[in-house]
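Q: Submitted below is the structure of interest, expressed as structure tokens.
Where a number appears in this text, it was derived from the coordinates with a stated rule and is not lab data. As the structure is a prediction and not an experimental result, all values here were calculated from the model. As a convention, Cβ positions derive from the backbone with ideal geometry for all residues, glycine included, and neighbour counts pool all protein chains shown.
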Amino acid sequence: MRRFAGMLYVLLAAALPLRAADPPPTVTPLPARAIGYTQHATALPGGRLANVVTGRAMLLAPGGRPAALAADLADEPGSWTQFVGWFPDGKTAIVGRAWESEANGRYEEEHKTFRFRAGDWLYDTYLVDLVTGRADNVTAVERVSFYNTGVFPWPGDPGRLGFTALIDGISKPFAMDRDGRHKTDLARDSTGFSYGFSGSSDGKRIAYHENYQVWLADADGANRVKVDTGHPFNFAPAWSPDGRWLLFVSGEHYDCHPHVVRADGKALRKIGDRNGYRGVMEFLDVPDFHGGSSDVPVWSHDGQKVFFTARVAGVEGAADTVELFAVGVDEGEMPVRLTTSSPGSLHYHPRPSPDGVWLLFGSHRECPGGRARNLFARRLADGLEVQLTDLPPGQAAMHGHWQPENVLPGPALRISAGP
């Protein structure tokens with residue numbers, strides 16, 4: 001397993017002898033919650049697979065160092081892990097485990113396209129208990145596909161999960177019990193390619209995009225309603241915390257912007273403009289035939305605002321700079337720029353803390369020896385920015401997720417500490 005560079009999560013001033021007149025040492029305020037994320041290499045020769053296969057689901061606990069979570073899941077050659085999310089109680093982490101054959105990786109690199117087929121790909125999702133260390137492969141139970149992604153706890157129903165499965169080349173939204181049983185296709189007889197699957201806060205509605213059009217339905221998949229945007233590209237629908245709104249990007253591919261609609265699919269409204277930002281963050285430093293990682297807007301913890309990333313127009317260096325913005329969902333609200341960064345800085349994947357105090361995000365920016373992708377937290381009240389990871393060029397920290405509740409890892413948890 002690759003070794004990972006890390007940093008202490010708590011940053012203290014240098015310890016010097018104190019005289020009576022000396023001020024107390026300065027302590028940098030930091031979030032008190034753990035963060036799960038994915039770390040991987042970005043510059044290894046050999047193309048996409050050579051780099052993504054180094055991916056590891058990581059856990060950054062307060063007062064600790066970054067550590068690989070459920071590290072043994074990636075022991076098999078050709079396998080890697082990704083941090084997917086948390087259960088609301090903070091006791092269970094969701095970890096994706098992928099494997100791809102070396103021959104298929106060469107084929108994809110040569111033909112510049114994915115080739116998903118059984119025997120060459122396997123993607124399953126595990127529920128990792130932080131206290132006991134147990135890791136359950138819920139997508140392997142009563143298996144419906146060799147490629148199962150996007151597992152999430154069903155809102156309002158702790159015994160149910162949602163996920164997306166690839167069936168005969170078509171991606172479909174599914175539900176299942178928490179133990180992996182009773183998998184149910186929620187798109188019924190639809191033959192469209194569906195993903196971006198999410199559930200409303202009360203668990204009674206679902207949303208997903210199918211062939212880049214957004215659909216709403218009841219929790220069992222019935223009563224499907226298409227959201228009519230008039231645009232060919234609609235992507236990544238997400239319910240507001242109060243269930244009143246649906247957020248997604250809409251427009252043309254690589255020219256799409258944050259939009260909201262009411263829960264009934266009506267009253268479509270554009271709430272922000274990305275000013276030429278394609279909405280894709282490159283996560284490799286070598287050519288990537290897939291073209292990077294989608295960078296989509298997210299809700300604030302209370303559903304009153306939306307955070308998104310956009311290029312800043314009319315500023316020196318802005319063509320290569322992506323900043324953080326916030327906008328209220330009430331009609332007439334205007335976006336507010338949150339960050340002013342050095343030219344060339346690229347922020348990505350914003351995510352507010354559960355208490356609304358911090359905004360977690362990734363940033364590709366200058367560091368000693370070149371440029372690297374690290375995680376940062378910004379305190380929303382005063383703009384204080386804290387760096388959370390300290391990866392060198394050639395490494396990336398991506399897709400950060402706040403732990404919903406403070407739960408300390410138990411001694412049985414399978415982790416591998418960083419250096």
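Q: Give the shape of the chain as rounded, prolate or oblate, defined through the alpha-carbon gyration tensor: a ≥ b ≥ c are the square roots of its eigenvalues, a/c under 1.5 means rounded, and otherwise the shape is prolate if a/b is larger than b/c and oblate if not.
A: On the way: a/c = 1.40, a/b = 1.18, b/c = 1.19.
Rounded is the answer for the chain, as its axis ratio a/c remains below 1.5.
Q: Each label point is 7 Å from the Cα along the Cα-to-Cβ direction; what then is the distance between the points at Gln304 and Arg269, in nm?
A: Distance between label points: 1.6 nm.
Q: So in the chain, what percent of DSSP beta bridges are antiparallel if you round to the nearest 5? Write down the numbers at each step before the final one.
A: On the way: 108 of 112 bridges.
Antiparallel: roughly 95 percent of the beta bridges in the chain.
Q: Let me ask something else. With a cut-off of 8 Å between alpha carbons and a minimum separation of six or more residues, what is the relative contact order of the chain in percent?
A: Values: 1074 pairs, mean separation 65.5, N = 419.
Relative contact order comes out at 16 percent.
Q: Quick one: what are the phi-derived ³J(HN,Hα) couplings along segment 138-145, Karplus 6.51/-1.76/1.60 with θ = phi - 60°, whole Hz, x for glycine and proline?
A: 6, 7, 7, 6, 6, 3, 10, 7
Q: Based on the alpha-carbon gyration tensor of segment 263-419, what equivalent-ellipsoid semi-axes (square roots of 5 times the eigenvalues) come out, in whole Å, largest first? Intermediate values should be presented prior to the final figure.
A: Numbers: eigenvalues 139, 101, 47 Å².
The equivalent ellipsoid of segment 263-419 has semi-axes of 26, 22, 15 Å.
Q: Next question, about the same structure. If I take the Cα coordinates of segment 106-227 and project them onto the principal axes, what are the three extents in Å, biggest first?
A: 46, 43, 21
Q: With contacts defined as alpha carbon pairs under 8 Å and 6 or more residues apart, what's the relative contact order of segment 275-365 in percent? List each step's numbers first, then the result.
A: On the way: 182 pairs, mean separation 20.8, N = 91.
Relative contact order comes out at 23 percent.
Q: If you don't mind, there's one more thing I want to ask. Under the rule of at least 5 residues apart or a separate chain, name every residue whose amide H is placed under 5 Å from the amide H of Gly303.
A: Correct list: empty.
Q: Okay, moving on. Taking the Cα centre of the chain as origin, sum charge times position over the Cβ atoms of Lys and Arg (+1) and Asp and Glu (-1), and report the length of that vector in debye to the nearest 20. Display every interim value, and only then the final one.
A: Values: 42 positive and 48 negative charges, 64 e Å.
For this selection, approximately 300 debye.
Q: To check my understanding: the extent here is largest minus smallest coordinate of the Cα atoms along each principal axis. What are those three numbers for segment 348-419, in Å, largest first?
A: 38, 34, 17
Q: Would you work out which of Leu30, Pro258, Leu268 lies farthest towards the positive end of the dipole of the chain, given +1 charges on the beta-carbon of Lys and Arg and -1 on that of Asp and Glu, about the Cα centre?
A: Checking the options against the dipole of the chain, the answer is Leu30.
Q: Amide H to amide H, which residues 5 or more places from Leu186 or on other chains are under 5 Å from it, using H placed in the peptide plane?
A: Counting only residues 5 or more places away or on other chains, the set is Phe174, Ala175.
Q: Rank these for me by crowding, Phe307, Phe361, going from fewest to most other beta carbons within 10 Å.
A: Values: Phe307 21, Phe361 26.
By the 10 Å Cβ count, ascending, the order reads Phe307, Phe361.
Q: Which lysines, on any chain, are close to Lys266 with Cα under 16 Å apart, when same-chain ones fewer than 8 places away are left out?
A: Qualifying lysines at Cα under 16 Å: Lys226.
Q: Applying 1/(1 + (r/R0)^6) with R0 = 22 Å to the Cβ-Cβ distance of Asp382 and Asp330, what FRET efficiency is obtained, to the nearest 0.05? It would help to have the intermediate numbers written out before the result.
A: On the way: r = 24 Å, r/R0 = 1.09.
The value I calculate is 0.35.
Q: Would you kindly derive the ³J(HN,Hα) couplings of segment 264-281 from the backbone phi angles with the Karplus curve 6.51 cos²θ - 1.76 cosθ + 1.60 (θ = phi - 60°), listing them in order in whole Hz, with x for Gly and Pro?
A: So the J values, rounded to whole Hz, are 8, x, 10, 6, 4, 8, 7, 10, x, 10, 8, 6, x, 5, 6, x, 10, 9.
Q: Fewest Cβ neighbours within 10 Å first, please rank Arg143, Arg205 accordingly.
A: Numbers: Arg143 13, Arg205 21.
The most exposed by this proxy come first: Arg143, Arg205.
Q: Under the rule a/c < 1.5 gives rounded, and otherwise a/b versus b/c splits prolate from oblate, where does segment 310-384 land using the Cα gyration tensor? It would help to have the intermediate numbers written out before the result.
A: Working: a/c = 2.48, a/b = 1.28, b/c = 1.93.
Oblate, because a/c is 1.5 or more while a/b does not exceed b/c.
Q: Restricting the calculation to Cα positions, tell me the Rg (one decimal) and the Dmax (whole number) of segment 171-268 in Å.
A: 13.1, 40
Q: Shifting gears a bit: Would you mind getting the Kirkwood hydrodynamic radius of segment 23-115 from its Cα pairs, rounded to one decimal in Å?
A: Values: mean 1/r = 0.0654 Å⁻¹.
The answer is 15.3 Å.
Q: Counting pairs of alpha carbon atoms under 8 Å apart in space and at least six apart in sequence, what relative contact order in percent does segment 54-177 give? Kindly include the intermediate steps, with their values, before the conclusion.
A: Values: 226 pairs, mean separation 20.2, N = 124.
Result for segment 54-177 is 16 percent.
Q: Limiting things to C-alpha atoms, what are the Rg and the maximum Cα-Cα separation (Dmax) for segment 67-110, in angstroms?
A: Cα radius of gyration and Dmax of segment 67-110 are 13.7, 44 Å respectively.
Q: Just how large is the dipole of segment 220-357 about the Cα centre, in debye to the nearest 20, putting +1 at every Lys and Arg Cβ and -1 at every Asp and Glu Cβ? The partial results should precede the final answer.
A: On the way: 13 positive and 19 negative charges, 78 e Å.
Here the size comes out at about 380 debye.
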